[in-house]
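The values are calculated or read from the model by the stated rules, or taken from the named source; none is laboratory data. A quick note: this is a predicted structure, and the numbers were derived from the prediction, not measured. Here the Cβ is made from the backbone with ideal geometry for all residues, glycine too, and neighbour counts use every protein chain on show.
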Amino acid sequence: MARQKNAIPSVQLTLSVTEQVRDHLERMTQSGMFGKNSAETANLLLIDAIRAHIEKESPFLKLSE
């Protein structure tokens, strides 16, 4: 089944990682528990990390006034 289009608009962000990080992402992807490729796995992990910061009310995520 094809993946549904995102309900929320998104923007593209390019990240550079070390070969070791890329290798970890590839292994995590192969486990089948994350994304369908390394980029999707990295995206899901980043979203989870940001949600964790939001839940603990991290001062880094507060909007400047």
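A few notes on this one:
- If you go through segment 49-62 and keep only what is in a helix (DSSP H, G or I) and charged (D, E, K, R), you end up with Arg51, Glu55.
- Extreme residue, surrounded by the most Cβ atoms within 10 Å (Cβ to Cβ), among residues of segment 1-22 that are at pLDDT 90 or above and not hydrophobic (A, V, I, L, M, F, W, C): Arg22
- Restricting segment 26-48 to residues that are aliphatic (A, V, I, L, M) and assigned to a helix (DSSP H, G or I) leaves a set whose member that is farthest from Ser10 (Cα to Cα) is Met28.
- Residues located in segment 1-25, provided they are free of Cβ contacts under 8 Å to residues at least 12 places away in the same chain and assigned to a helix (DSSP H, G or I): Glu19, Gln20, Val21, Asp23, His24
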